[in-house]
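The values are calculated or read from the model by the stated rules, or taken from the named source; none is laboratory data. Worth saying up front: this structure is predicted, and the values here are computed from it rather than measured. Counting neighbours? That spans all protein chains shown, and the Cβs are built from the backbone with ideal geometry, glycine included. SASA here: full protein model, heavy atoms, side chains in, ligands and nucleic acids out. Shrake-Rupley method; radii C 1.70, N 1.55, O 1.52, S 1.80 Å.
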Amino acid sequence: MTKKGHSLNFEWMDSETVQRLLESIQSANAGTLARAVIAEAPLLECYGTAVGHAFALTGIVHGHPRIDDGRRVVTSQLFYLDRNLGIARTMNRWYRLGARDRSGRQ
């Protein structure tokens, strides 16, 4: 989703995106993920899962570089989720996870 549009598009990833994603997940699994990376990541509040062509997250975003604060969004495809650490990695970026959506609305 973007500020102007509301469409959710899942596309094939280019090799650079795949390499960044792989390096991110390897760092998280090894416990070497830089704290600054997570500290600068957008916050996703009232989050839940979204299922379409792939798994994603939905929630209220704060601190996203291209989306206004307080907007409900659907992220790009979800590849890594650690609720204990409160982090998630989508195709495009890391997210800090706030509270889960307990309303039953996903």
**Prompt:** Under a point spin-label approximation (7 Å from Cα along Cα-to-Cβ), what is the V37-N92 distance to one decimal in nm?
**Reply:** 1.9 nm
**In the stretch 9-77, chymotrypsin sites (Phe, Trp or Tyr not before Pro) in a DSSP loop with at most 11 other beta-carbon atoms within 10 Å** = W12
**Item:** Fraction of accessible area attributable to carbon and sulfur, the stretch 9-106 (%, probe 1.4 Å)
**Value:** 49 percent
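Can you tell me the dipole magnitude for the chain around its Cα centre, using point charges on the Cβ only (Lys, Arg +1; Asp, Glu -1), in Debye to the nearest 20?
Details: 14 positive and 10 negative charges, 74 e Å.
Charge dipole, the chain, about its Cα centre: 360 debye, nearest 20.
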**Prompt:** Per residue, how much accessible area does the chain have with a 1.4 Å probe, in Å²?
**Reply:** 63 Å²
**Request:** Determine, from the Cβ-Cβ distance of R83 and M13 and an R0 of 22 Å, the FRET efficiency 1/(1 + (r/R0)^6), rounded to the nearest 0.05.
**Result:** 0.35
**Message:** Below 8 Å, C-alpha to C-alpha, sequence gap of six or more: please give me the relative contact order for the chain in percent.
**Reply:** 28 percent
